[in-house]
1. Hey, with R₀ at 25 Å, roughly what FRET efficiency would residue 192 and residue 129 work out to, going by the Cβ-Cβ distance, to 0.05?
2. For the pair residue 120/residue 59, report the inter-label distance in nm, with labels modelled 7 Å from Cα in the Cβ direction.
3. What is the chain's relative contact order, in percent, from Cα pairs under 8 angstrom and six or more apart in sequence?
4. Which residues does the label zone of residue 146 cover in segment 186-215, counting backbone N under 18 Å from a point 7 Å along Cα→Cβ?
5. Two decimals, Cα atoms only, Kirkwood Rh: what is Rg/Rh over segment 5-211?
6. Indicate, rounded to the nearest 5 percent, the antiparallel portion of the DSSP beta bridges found entirely in segment 5-211.
Ligand SMILES: CC(C)(COP(=O)(O)OP(=O)(O)OC[C@H]1O[C@@H](n2cnc3c(N)ncnc32)[C@H](O)[C@@H]1OP(=O)(O)O)[C@@H](O)C(=O)NCCC(=O)NCCS
């Protein structure tokens, strides 16, 4: 994911609606809860996140292996309005990543139902490069996976990462996703066709992993 081409097209045409208030309910179709990490929060996207998302997610290093993000503030506003409508329809959730001390988003985690009822879903993520390697991804991913499995009720989450996307694949591997296959020439960007790795995480495996103690690190 981020920014499926067809989603971006719809988002660009979307009517901008008012920003929903922050909610703490677990009825996610009426509004996403705020999930709290150690140095950031995950919350519903707001229209005023558009300028910071434009700055963070359209750099070449962030965007090179994802579907093209919007290229303007109104384009991002349309995308944000679209995320609210899809969440209301019960087919999609998108969390904004907001570091402590900031008020606007520097990245997103998305989860999209790919079968009726949200049993199987696809997730994707993009974070501004100043926040790479800071631990925000791994902790945010745990919060989003807990939410997708325990609150939304998904039993399987898939992710696709271009083979050449070292950080994307490394990030998925380290949180315990399982490499399930190779999707040949499944992604096109800048006129080039890329193979993608298909990564899967099952709810049962995730719950087991969550219960296990952290691996022991042996040092000599
Ligand atoms: C994907 C993304 C959210 C991950 O966040 P991040 O902060 O960079 O991730 P982390 O640093 O926590 O983890 C990446 C891991 O990959 C490893 N890695 C980095 N480059 C690598 C490479 N070329 N090959 C293999 N592993 C690599 C890192 O060492 C790290 O593992 P470690 O923490 O055990 O050292 C972020 O890089 C991003 O937004 N990228 C652009 C958008 C994108 O590609 N989205 C993913 C689509 S699937």
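1. Efficiency, from the Cβ-Cβ distance: 0.75.
2. Label at residue 120, label at residue 59, 3.6 nm between them.
3. Details: 394 pairs, mean separation 37.9, N = 220.
Relative contact order comes out at 17 percent.
4. 202-215
5. Ratio value, two decimals: 0.93.
6. Antiparallel bridges make up about 90 percent of those DSSP assigns within segment 5-211.
Bear in mind these aren't lab numbers, they're just calculated from the coordinates by the rules spelled out. Predicted model, so just to flag it, every value in this text is computed and none were measured. When we count neighbours, we look across all protein chains shown, and the Cβ atoms used for this are built from the backbone with ideal geometry, even at glycine.
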